[in-house]
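*Asks:* Have a look at this one before I ask anything.
Derivation of every value follows stated rules applied to the coordinates shown; laboratory data play no part. Here the structure is a predicted model, which means the values were calculated and not measured. Because the Cβ atoms are built from the backbone with ideal geometry, glycine has one as well, and the counts that use them run over all protein chains shown.
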Amino acid sequence: MNYDLQTGSHTVYACQYHLVTVTKYRTALLSGKVLNRLEILAHDIAADHGCEVSDVNGEADHVHLLFSAEPTTDLTEFINHLKGVTSRKLRQEYTGLKQRLPKALWQPGYFLCTTGQVTLDDLREYVENQ
């Protein structure tokens with residue numbers, strides 16, 4: 001297994017996560033252009049929190065992010081900031097999103113797991129039942 005190991009003064013760690021979040025009411029809004037912009041925003045926001053996004057992908061009604069974080073990262077704070085900023089900026093930049101979802105782009109909840117802990121079938125079941 002290949003890990004991206006990070007080092008601190010006397011510490012080595014590899015904290016990798018899989019985040020899934022869905023659009024409000026599972027509304028199909030995320031086109032390729034919007035997903036590309038979301039990826040750029042996610043990289044910038046992650047850097048501000050000491051995280052690194054390695055992959056962003058999704059479909060019209062949900063997005064998957066793979067990222068690494070330091071052990072001291074407040075994951076809830078990072079994810080809430082990520083969702084809040086991307087919701088605001090994407091709805092400002094793409095007026096069609098704001099017309100369809102005027103108050104928020106994302107559902108309040110999300111799915112987060114450490115990589116290697118959940119099977120792909122578990123992830124599919126979660127996304128399908130959002």
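*Asks:* Would you work out which of T114, H62, L97 lies farthest towards the positive end of the dipole of region 6-128, given +1 charges on the beta-carbon of Lys and Arg and -1 on that of Asp and Glu, about the Cα centre?
*Replies:* Value computed over the given set: L97.
*Asks:* Please arrange H62, H81, H18 by how many other C-beta atoms lie within 10 Å of their C-beta, fewest to most. Working shown, then result.
*Replies:* Working: H62 22, H81 15, H18 18.
Ordered from fewest to most neighbouring Cβ atoms within 10 Å, H62, H81, H18 come out as H81, H18, H62.
*Asks:* Let me ask you something else. Dipole of region 58-110, Cα-centred, from +1 at each Lys and Arg C-beta and -1 at each Asp and Glu C-beta, to the nearest 20 debye? Walk me through the numbers before you get to the answer.
*Replies:* Details: 7 positive and 6 negative charges, 87 e Å.
My answer is approximately 420 debye.
*Asks:* OK, next. Taking 0.36 nm per residue of sequence separation and subtracting the Cα-Cα distance, how much length would be gained by fully extending the chain between T27 and T72, in nm to one decimal? Can you show the working numbers first?
*Replies:* On the way: separation 45, 0.36 × 45 = 16.20 nm, distance 3.42 nm.
So the extension gain works out to 12.8 nm.
*Asks:* Reachable aspartates and glutamates from K33, Cα under 18 Å, same-chain residues fewer than 8 places away excluded?
*Replies:* Here the aspartates and glutamates satisfying the reach criterion relative to K33 are D44, D55, E59, D61, E93.
*Asks:* In nm, to one decimal, how far is the E93 label point from the N57 one, both placed 7 Å along Cα→Cβ?
*Replies:* Rounded to a tenth, the inter-label distance reads 2.2 nm.
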